[in-house]
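> Below are the structure tokens for one structure; questions will follow.
Each value in this text was obtained by applying a stated rule to the coordinates, not by laboratory testing. These numbers come from a predicted model, not from an experiment. Positions of Cβ are backbone-derived with ideal geometry, glycine not excepted, and every protein chain shown enters the neighbour counts.
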Amino acid sequence: MDSEPDHDREGCAITSGSVAIDEQTVRLGARIRSFRQARGLTLVELAGMAGLSHPFLSQLERGQARPSMVSLERIARALGSSQIELIAAATDDLVPGHGTARVSLVRQMEGPQGPFGGGEARILVRGEVSFVPMEFRGTNRSLGEFYRHDEDEFLHVVSGSVLVDLADEGQYELESGDSVHYAGGTLHRWCSRGEGEYHLFIVKERRPSS
């Protein structure tokens, strides 16, 4: 585990002599803290799970450090979340108290976009909602590491051919038009069964954070 909070592999710590802390960094830190507290984890426990230093994580939660994408991926995995969900929180799109209107409209090419699993996702909703729908595109032909989170998840294949591996729950070969739902806590990963890009529609349950 790295011991220095400003190590390049973790991110950039903001000192009193550096530029002012930006609002997105503060919101990102607050979101990570709320996810951690909702899962009953201490700072030390989350730091250990993510392979990061406790001082760096403390600075990050207080908005006094900016994580690298590698560090953000480690934190997201440890929290059962994803980089794109944490990034969305930092841009007001999924932050409690923001965008709480009864109607949420996301037009083509709008919505936070970023890494999710072995590809790229776009979140298709704003504000405090009970589920998070995402558009996902990927080309990975290897399964990679398993993901696991407390929330239920639904996956629908829009195009392409996909192998979904649910560990002890089995492997499923899905074609365009097929869907699968798995309960929270289920190990899961997926990859392409053919050439080129595949396109998924994913809906993840969202449980209130502290």
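> Give the residues of region 168-210 whose amide nitrogen is closer than 19 Å to a point set 7 Å from the Cα of S161 in the direction of its Cβ.
Zone members listed by number: 171-180, 190-201.
> Mind giving me the nanometre distance, one decimal, between the label points for D168 and L43, set 7 Å out from Cα along Cα→Cβ?
3.5
> For a Förster distance of 35 Å, can you work out the FRET efficiency between the beta-carbons of R193 and V106, rounded to the nearest 0.05?
0.75
> Please report the net charge: other residues with Cβ closer than 13 Å to the Cβ of S161, K and R +1, D and E -1.
-3
> Checking the a/c ratio against 1.5 first, then a/b against b/c, what shape does the Cα gyration tensor give for region 43-180?
Oblate, since a/c reaches 1.5 and b/c is not below a/b.
> Could you pull out the GluC sites (Glu not before Pro) across region 166-210 that fall in loop regions by DSSP (anything but H, G, I, E, B) with no more than 10 other Cβ atoms inside 10 Å?
E195
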